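Read through the structure below, which is laid out as structure tokens, and then see the notes.
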Amino acid sequence: QVQLVDSGGGLVQPGGSLRLSCAAIGSIFINYAMAWYRQAPGKQRELVASIRSGGTTNYADSVQGRFSISRDNAKNTVYLQMNSLKPEDTAVYYCNRKFQPVTWGQGTQVTVSS
């Protein structure tokens, strides 16, 4: 059973924007802090942003002020609005629980290039 479906990635020029979505089944979403991670080629997966069930958010220093995480509890969906994108944001992006992660989804590729 697919538990997490990431979508919304693509190719964008530096300075552009993208909005990622992650649809989850309810049992792994409700009452859990959710997070977006990314993994660039040759690098370890890193935490980008997280959001608690009540809406409190946290961001990595590298994306603070440019990215915004949100969630729709009625739709079991978490979003990542990415603005002012830079080439160093290029990576595969994944969502998962921040704590007690479940099986990872397929991720969505974000490429920032001119």
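Read-outs throughout are calculated quantities, based only on the coordinates presented, and are distinct from any laboratory measurement. These numbers come from a predicted model, not from an experiment. Heads up, the Cβs are rebuilt from the backbone with ideal geometry, glycines too, and the neighbour counts pull from every protein chain shown.
Starting from the Cα-Cα distance between Glu88 and Ala40, subtract it from 0.36 nm times their residue separation and give me the gain in nm to one decimal.
Working: separation 48, 0.36 × 48 = 17.28 nm, distance 0.86 nm.
Once the chain is fully extended between Glu88 and Ala40, it gains 16.4 nm.
Compare the peptides 21-31, 78-88, 7-17 by average per-residue count of other Cβ atoms within 10 angstrom and give them in order, highest first. Please report the intermediate quantities before stating the final value.
On the way: 21-31: 16.3, 78-88: 17.8, 7-17: 13.8.
Sorting 21-31, 78-88, 7-17 by mean packing, highest first, produces 78-88, 21-31, 7-17.
Compactness check for the chain: Cα Rg over 2.2 N^0.38 Å is 0.98. Note on Val5 and Gln81: the model spin-label points, each 7 Å out from Cα along the C-beta direction, lie 2.4 nm apart.
Backbone geometry of the stretch 107-113 corresponds, through the Karplus equation with coefficients 6.51, -1.76 and 1.60 at θ = phi - 60°, to 3J(HN,Hα) couplings of x, 9, 7, 10, 10, 10, 7 Hz, x marking Gly and Pro. Highest GNM mean-square fluctuation, the chain, Cα pairs closer than 10 Å: which of Asp89, Asp61, Asp72? Between Asp89, Asp61, Asp72, it is Asp61 that shows the largest mean-square fluctuation.
Subtract the Cα-Cα distance of Ile30 and Thr111 from 0.36 nm times their separation in residues, and report this length gain in nm to one decimal.
Working: separation 81, 0.36 × 81 = 29.16 nm, distance 3.06 nm.
Using 0.36 nm per residue and subtracting the Cα-Cα distance, I get 26.1 nm.
Remark on Gly105: its backbone amide H falls under 5 Å from those of Cys95, a criterion applied only to residues 5 or more positions apart or on other chains, H modelled at 1.01 Å from N.
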